[in-house]
Amino acid sequence: MSSDLYQEEILDHYRHPHNHGTLENPDATFEDSNPLCGDIVAVDLRYDGERVSEVRFRGSGCAISQAAASMLTDMVVGQTRVDALAIPREAILEELGVPLSPARVKCALLGYKVMMAALYGVPDHNAK
């Protein structure tokens, strides 16, 4: 796929994010931010046994951070918790498909960091 097509896909996920919103009574939730740029991502998960049955994310920030979170939700739904935890960070960078500066890599991986924390069941100390 050409870089232009990847950029269009990023913009499409940013404008029309998949699995956007919240879950009532999630089995796991986590939220974090990138204080350097102000991006915020929160994730709610629901399990059916060991399988991720539903995931929702919400947040604000740049197109890269929000599109990457949207793409990651598509990758996680239907996976077992163990398989979802095994998704390497490089997978989301490959899914984005465009070269990123080091600062933009942090944007792209914010959703990944939040998703992994939610999957590990780390308590959200930022929740209100």
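All of the numbers you see were taken from the coordinates with simple rules; none came from a lab. Given the structure is predicted, the values throughout are model-derived calculations rather than measurements. Every residue, glycine as well, gets a Cβ built from its backbone with ideal geometry; the counts of neighbours run over all protein chains shown.
Assorted remarks:
- Sparsely packed loop sites in segment 29-118 (the GluC sites (Glu not before Pro) outside DSSP H, G, I, E and B with at most 15 other Cβ atoms within 10 Å) comprise Glu50.
- Nearest-ten-degree value, helix 3-15 long axis tilted from longest Cα axis of the chain: 40 degrees
- Three-way shape label, segment 32-128, alpha-carbon gyration tensor, a/c 1.5: oblate
- Of the residues Leu85, Ser70, Ala103, the one whose Cα sits farthest toward the positive end of the charge dipole of the chain, with +1 on the Cβ of Lys and Arg and -1 on the Cβ of Asp and Glu, is Ala103.
- Sum of -39500 (n - 2.57) over DSSP H runs of 4+, divided by residues of the chain (222 nm, nearest 500): -14000 deg cm²/dmol
- Amide H contacts of His20 (H built 1.01 Å from N, in plane; Pro and chain starts excluded): Phe57 sit under 5 Å, all sequence-distant by 5 or more or on other chains.
- Gyration tensor (alpha-carbon) shape descriptor, segment 1-71, a/c threshold 1.5: oblate
- Under the convention that each Lys and Arg Cβ holds +1 and each Asp and Glu Cβ holds -1, the size of the dipole of the chain around its Cα centre is about 360 debye.
- Around Pro88: net Lys/Arg minus Asp/Glu count, Cβ-Cβ under 15 Å: -2
- Neighbourhood net charge (13 Å Cβ-Cβ; Lys/Arg +1, Asp/Glu -1) for Asp39: +2
- Helix 102-120 axis, angle to the chain major axis (alpha carbon atoms, nearest 10°): 20 degrees
- Net charge, His18 excluded, C-beta distance under 15 Å - Lys, Arg +1, Asp, Glu -1: -3
- Length-normalised contact order for segment 3-120 - Cα pairs under 8 Å, 6+ apart - percent: 31 percent
- 0 to 90° range, to nearest 10: angle between helix 63-76 axis and the chain longest Cα axis: 50 degrees
- Ranked for footprinting exposure by Cβ neighbours inside 10 Å, fewest first, Ser70, Ser53, Ser65, Ser33 give Ser53, Ser33, Ser70, Ser65.
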